[in-house]
Every structure is written in structure tokens, then in C-alpha cells.
Amino acid sequence: MDFEAVYARWFKPVYAYIRCRIWAENEAADVAAGVWQKVWEKRGQYNPARGRVEQWLFGIASHEVSSYCRRAYLRRILSLSGFEENVPSAVSNDLGRMEIQEKTAALLAAVHSLSRQEKELIALKFYSGMNNREIAALVGKSESNVGTILHRAFVRLRLELGKCHE
């Protein structure tokens with residue numbers, strides 16, 4: 001495997017996938033660094049006969065995001081002071097920019113309401129470039145199950161976003 005070519009081709013999609021799952025930019029950057037470190041360390045283990053390189057990459061990324069989420073959950077539970085996510089607020093007089101920020105916030109809130117599995121599949125669908133069959137192979141589900149989960153998640157998102165505009 002040509003690591004430099006893989007990195008050049010897949011860095012942005014892998015990072016976008018991670019950012020979709022982890023809102024905090026600094027933490028997402030740390031997880032991305034961990035993903036690429038693992039890819040470097042395991043580059044000799046990649047076997048093209050077992051799947052395409054992007055499936056392998058997003059499998060590693062998915063595992064690293066899950067590990068991060070487990071650690072964050074434990075820190076939140078074990079924290080004496082509690083844990084709150086800070087979402088930057090829109091401070092702008094530009095109405096167009098504020099409208100975009102409001103829509104983005106509504107979309108993020110709607111996505112946040114989805115299950116971990118739904119968020120994972122949506123992130124893979126939009127950032128990996130994989131089709132449902134490839135995603136199914138990666139997550140260990142049938143292709144039809146992946147399609148059904150994605151469809152239901154999109155329906156819920158549409159309903160949730162429809163509520164915001166009433």
C-alpha cells in the first residue's frame with residue numbers, strides 16, 4: 001500500500017466523517033491523527049483481497065471514533081464537575097449568515113437525536129463514498145438492513161427539521 005497516495009486521496013473524507021461524529025474540532029483532529037497513526041502502523045496488514053482500501057480506512061476510523069466516544073462517556077460520568085458541550089453561538093448582524101447558522105444548528109440537533117448506529121451509517125454514507133453494500137460489509141449488517149436504517153433515519157430527520165420550520 002502506498003501510504004502517501006492513500007493519505008492524499010482519503011484524508012479529507014476520513015476527517016469529514018470524524019467531524020460528523022465528533023463535533024468538537026480539537027477532539028476530532030486528535031482522533032483523526034490517531035486514525036492515520038494506526039493506518040501507518042498497520043499498513044502492512046492491509047489485504048486488498050479482503051476489501052477496498054476505503055473500507056479498511058473507514059473501519060479504522062469508525063473504531064477510533066467509538067473508542068473516543070466511550071472514553072468521553074466515561075469522563076462525563078466520572079467527572080465531579082459535570083460535562084457540558086459548548087456549541088458556538090452565532091454572533092453576526094448578517095441575516096443570511098444567521099439563517100444558515102440556525103439551519104445548521106437545527107440539522108445538528110436533529111442528527112444528534114438519532115441513535116449512534118444511525119449517525120454512524122449516515123456519516124459513512126455521506127463521507128466515505130461507499131455504497132450500501134460496502135457499508136453493510138464494514139458494519140456487519142445486510143445491505144437491505146443498512147438501507148432500511150438509513151431510510152428511517154432520513155424520515156426522522158425530515159420530520160424533525162419540519163417541526164423546526166412550523
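The values are calculated or read from the model by the stated rules, or taken from the named source; none is laboratory data. Source: prediction; values computed, not measured. Every residue, glycine among them, receives a Cβ derived from its backbone with ideal geometry; neighbour counts consider all protein chains shown.
Worth a mention:
- Every test in (1) at pLDDT below 90; (2) farther than 30 Å from Lys42 by Cα is passed by His151 save one, and that test is (1).
- For the range 98-118, the set of residues classified as of a type outside the set (Ser, Thr, Tyr), modelled with pLDDT of 85 or more and over 23 Å from Arg52 (Cβ atoms) consists of Leu114, Arg116, Glu118, listed by residue number.
- Verdict on Glu41 being farther than 20 Å from Gly140 by Cβ and either in the same structural domain as Gln117 (by TED's automatic domain parsing) or out of contact with any helix residue (DSSP H, G or I) (no Cβ under 9 Å at 6 or more places or on another chain) (or both): yes
- For the range 127-136, a residue qualifies if it is assigned to a helix (DSSP H, G or I) and surrounded by 18 or more Cβ atoms within 10 Å (Cβ to Cβ), and the qualifying residues are Tyr127, Asn132, Glu134, Ile135, Ala136.
- Subset of the range 31-56 (residues that are assigned to a helix (DSSP H, G or I) and in contact (Cβ under 8 Å) with a residue 60 or more places away in the chain): Glu54, Gln55
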